[in-house]
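A quick write-up on the structure given underneath.
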Amino acid sequence: MLNQPEFRCYLVPVLMPEYRALKTAGINGITELFPHENMSVIPFGLRLFQDLPGWFSAISSLHPDSIEVCKVKSSTQSLDCFFNELEQLIESSRISHEPEQWVSFIISPVLLTDANADDFVDHNIWSKTLTGWSCYSLFHGKTYNDYVYAFSIPSNFCRQVARRSRSV
C-alpha cells in the first residue's frame, strides 16, 4: 500500500535537430524550470548509456559514456494530471537557441511509488512502470507530444507472423 503516492520520471533535454543533450545545471544549463506546486524538479546527474535504450546512442553528450538527466517527482492524483504538469513544466522552460532549432524533452517511463521510497537510486527502468518512453518537443513556447504526430501503420499492412530460415 502506498501511504504517500508519488509519480516519478527522468527528463532529458535534447537540442534538435543536432541530437545534442543539454546540460541540466550550471552555466548554460536548463535550471530555469518552473514546476507546478505538486511537482519538484532536481538536476539529478548522469545516467549511463548502457542503462538506457539503444536509441540514446544517437544523442551526443558532453560525457562520453553518460547523459545528464533531471529527476521529476509529483504528488498529483492521476497520470493524466502528471503529464499535464509535465507539459506546463516544459512550456515554462527558458532555453535560448537558434530559430531553426527546438528542444525535445525525452521522458522516461513513469513510476508510481511511495514518496518515502528511494527508487531512483538503483531503479530498474524495465519494471514497475506505468508508461513507456515518450517525448515532448517545445516549439515557440508550446509543447507537442511526438506520439500524436507519429505516423500510423497503413490499414493494408501485413504483419509478418513467423520467419523460417535455413542454412545451406
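Each reported figure results from applying straightforward, stated rules to the coordinates on display, with no laboratory input. Remember, it's a predicted structure, so these values are computed and weren't measured experimentally. Reconstructed Cβ throughout: ideal geometry from the backbone, glycine too, with neighbour counts over all protein chains shown.
Just grab the label-to-label distance for residue 81 and residue 65, each label 7 Å out from Cα along the Cβ direction, in nm (one decimal).
Once both label points are built, they end up 4.2 nm from each other.
Listed highest first by mean packing, meaning other Cβ atoms within 10 Å per residue, what order do 92-105, 7-20 come in?
Output ranking for 92-105, 7-20: 7-20, 92-105.
Order these by the 10 Å Cβ neighbour count, fewest first: 87, 6.
Ordered from fewest to most neighbouring Cβ atoms within 10 Å, 87, 6 come out as 87, 6.
Non-local amide H neighbours of residue 66 (under 5 Å, H modeled in plane, Pro and chain starts lacking H): which ones?
Residues meeting the criterion, in which the H sits 1.01 Å from N, are 49.
Pop out the ³J(HN,Hα) list for the stretch 49-61 in order, Karplus 6.51 cos²θ - 1.76 cosθ + 1.60 with θ = phi - 60°, rounded to Hz; leave Gly and Pro as x.
In residue order, the calculated couplings are 4, 5, 9, 10, x, x, 5, 5, 5, 6, 8, 8, 9 Hz.
Most exposed first by the Cβ proxy, i.e. fewest other Cβ within 10 Å, how do 90, 153 rank?
Listing 90, 153 from fewest to most nearby Cβ atoms yields 153, 90.
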